[in-house]
Structures are given as structure tokens and as C-alpha cells.
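Report on the following structure.
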Amino acid sequence: MAQQRSLKQLSKLISYVLARSPGEFGLVPDPDGFVKLKEFLKAVSEEDGLRYVRRSNINEILTTLPDPPIEIKDKYIRAKHRDRLSKRRPAQRLPKLLYTCVRRKAYPVVLEKGIFPMGFSHVILSSEPEMAKRMGKRKDPEPVLLSVQTRISMDRGIVFYEAGDPLFLTESISPGCFTGPALPKPKEAPVKRETPEKETLIKMPGSFLMEYKDKKTFHKPSKHIVKSSQTAVDKNQKKGEQRKRKRERERPPWRR
């Protein structure tokens, strides 16, 4: 009995949301009163006392209560009695500003081409920025909030419709009729540093060069090696002088 009573209370609350004040929860029914079940569950879960509501709870209402006040068709839900649901009509009194949110990825395109419907037949706007943010977060954790100037929009032929306080509808918003934050600057590509080319060592004939990477590991040649090298040089010079003197001698008499 207690379970049935709690289900009946929940069904009444759901019926209130769908049949009397969907705009209060950021929901806009279609002309037949249907709302996407997924959107409905997101909206209901934002309320402190209804965060526990899942599709299973709604199924339980439909199967347990003898005359449930709600019905589901495919992926949509609506209230059976919708006499108090506000009718869609052109707005008579508009605030100076209306607000809507777009996804971050779509924002650059929106600035260039305007605001168009996403997932619904019309663009949904709110007179309250907090409600616009609440609805925007259902599609993007950090949506971009845009401010729509209603006077400029109407001067360009844009028509707004009432969709239940505090929501309004329109087919699209042209560029120049709304403002938003500046686009973030694109990140500069990191500059690649060119690695210096290794210097090529030119080796002369009869010579050699010693290559080393670390000056600390380079050792000077010992005195014995230096001395032997100098001795070899002296011997070569002495032999060269002897050959020169020999060529400068006069030819022997027996060759004249």
C-alpha cells in the first residue's frame, strides 16, 4: 500500500511537469504534448527531490497504477490530460534580452551563420540566463551562453512564440542579432629547433686528426712519443740536405 501511494504521488508530480508547467523545468512539448523521454529524465534529475527517478520508476507507474496519468509512445512521454497546457502563440511582451546556449564546438559556426534548432523544431530561448544554462548543460557540460537582442531581431523579421514561462521559441536567429564571448585564440604550433649539422673534418694527406667527445677524457701524448716523433723529423731533414748537396756536386771528369 505504501509503495502504491508513493507511486501515485510520483505520477501526480510527473503529470504536473508535463501537463501544467513544463517551461518551469526547461521542457517544451511538441504540438501533441510529447517530450523526449531522455530530456524529461534529465530535467527531472536536476530537482533535489526527484534525482532518483529513472525509466524503471515510470514503467512501474504504468504497470502498477490502474489509471496512470501519463503515457509513453516510442521514446516520448506525455500527460494524458493536457487542458491546462499553454498554447503556442506569438509573443506579445518580450524582454529586451533572451538567452540560449550552444555547444562549444558549434560556437564558431554559430557566430558566422546564426543560431539554428538542434534536436528540436525551434530554437528554445529563456528570459532567465540561469534557465538557459541549465538547459544548455544537458547537451554540453560547459555550454556557451548567448544573449539575443529581441528588438533588433524583430526589426529583421524574426518572430518569437510563447512556450510557457520563462521559455520562448523562434525558427532561427540571424548573425548580428545576438552577442557572445570572444572566441579563444588558437594555440600557436611549437617551433621546431633545427639541430646543427655536424662539422665534417677535412683530413690532409699524410696527417691525422684525433676526435674526442669529452675534453676531460683527452690525454696529451707522452714525452716519449713527442721525442721519438721529433727524432724522425730531424732524420728526414738530414737526409734531404744530403741529397741536395749530392745533386750540387760537379759531374766527375770521366763523364765529361
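Bear in mind these aren't lab numbers, they're just calculated from the coordinates by the rules spelled out. Quantities reported herein were computed from a predicted structural model and do not represent experimental measurements. Note: ideal-geometry Cβ built from the backbone for every residue, glycine included; neighbour counts use all protein chains shown.
The figures follow:
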{"quantity": "Zone residues, the range 54-81, relative to E46, backbone N less than 19 Å from point 7 Å out along Cα-to-Cβ", "calculated": "54-55, 77-78"}
{"quantity": "Distance in nm between pseudo-label sites at R103 and L13 (7 Å out along the Cβ direction from Cα)", "calculated": "3.1 nm"}
{"quantity": "Semi-axes of the equivalent ellipsoid for the range 89-179, Cα gyration tensor, largest first, Å", "calculated": "19, 15, 11"}
{"quantity": "Point-to-point label distance, R245-R82, nm (Cα→Cβ direction, 7 Å offset)", "calculated": "12.9 nm"}
{"quantity": "Extension gain from S56 to V191, taking 0.36 nm per residue of separation minus the Cα-Cα distance", "calculated": "43.0 nm"}
{"quantity": "The range 13-37-the range 45-72 distance, computed between alpha-carbon centres (Å)", "calculated": "14 Å"}
